[in-house]
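Report on the following structure.
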Amino acid sequence: MKIKGTVVFSFLMAAVLLLSLNSAVFAQEKIKMDEYKAELADYTARQADSEAKIAKLEGEIEALKKEIDGVQANINAEWEAIYDVMGVTYAEVDAYRSELNAIDAEIDGLAALSPEELFEKADQVDALKKRIAEAKANKIGILSEMEEKIAALEGKLANLEAKIPGNKYDQYTVVRGDYLWKIAKKPDIYADPYQWIRIYCVNKDQIKDPDVINPDQVFNIARGVGRNEHLVEKGEWLSKISGYSKVFSDPTKWTKLYEANKDIVRNANLIYPYQVLTIPRD
């Protein structure tokens, strides 16, 4: 009977202990739930406040958009009045702007080339220069936006022109027994002895007498014609050359061409094929 009483007592103690533990766990769970509800209420309040602020900002943004639209409408009206005075339309101004942007893109494309590659594209550079001059002569060019753009294009084109070499050259070192006729005849030079005068013109700074050259002299062998040069062909004379658009576009300016080339043109009435004439650009 004593053992049985002990067991009953132990059972009762265990029950009390379990009940105490359950009460503690329940109390903790109740605290966590209260905290969660409090945080949820705070989040809900903050969300509602944020949504109210967003709605207010959206209203302000919409009001600003309407204000901007009104200002832009006034600006457009002012430009329309200006264009009317100038006698141009929005479409013409947009076309003009697009032309300047196209020129800008072409200049950037050419600027990426090497000097040697750029030499081959010299005609394109000249064409761009002409297009800029035409744009500058257009009355739309007086608009401040266009003036600034044209000034920037002229600066970029000047840098591009400075990058173009005067010509493309190979070099030839004179050996004993050489003379200009013989050098010009070589297959890797011009394969044409009559072009000896071309070698002379290009290297006149170191050839005092075309009949006298010395071993170890290094001559430039032109592989093209520079932008400020003209390679004489059969049947040409100074006034004819001066009349070319790439020269002066004026036959009467032949004297200017003559004065610039007196060192190789002894007689103004007599020039020879393959002479290289310098075209003065001042």
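No lab work stands behind these numbers, since they all come straight from the coordinates. Just so it is clear, the model here is predicted, and its values are computed rather than measured. Cβ atoms come from the backbone with ideal geometry, glycine included; neighbour counts cover every protein chain shown.
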Query raised in the report: Zone of E78 (label point 7 Å along Cα→Cβ, backbone N under 18 Å): which residues in the stretch 34-71?
Result: 67-71
**Report entry** the chain - Rg and Dmax from Cα coordinates, angstrom
**Finding:** 44.3, 154
Requested in this report: State the extension gain, in nm to one decimal, for the chain segment bounded by D104 and E62, taking 0.36 nm per residue of separation less the distance between their alpha-carbons.
Outcome: 11.4 nm
Requested in this report: Using only Cα atoms, figure out Rg for the stretch 193-282 and give it as a multiple of 2.2 N^0.38 Å.
Outcome: 1.10
Report summary line: Restricting to lysines and to Cα separations under 17 Å from K253, and discarding same-chain partners fewer than 8 apart, the set is K240, K262
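How far, in nm, would the chain grow between Y169 and I264 when pulled straight, counting 0.36 nm per residue and subtracting the alpha carbon separation?
Working: separation 95, 0.36 × 95 = 34.20 nm, distance 2.03 nm.
Result: 32.2 nm gained on full extension.
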Query - Net charge over other residues, Cβ less than 12 angstrom from the Cβ of L128 (K, R count +1; D, E count -1) - result: -4
Report summary line: Rounded to the angstrom and largest first, Cα extents along the principal axes for the stretch 88-163 equal 43, 18, 16
Query raised in the report: In what sequence, highest mean first, do 198-204, 56-62 appear when ranked by Cβ atoms within 10 angstrom?
Result: 198-204, 56-62
**Report entry** chymotrypsin sites (Phe, Trp or Tyr not before Pro) within the stretch 240-272: DSSP coil, no more than 15 neighbouring Cβ in 10 Å
**Finding:** Y244
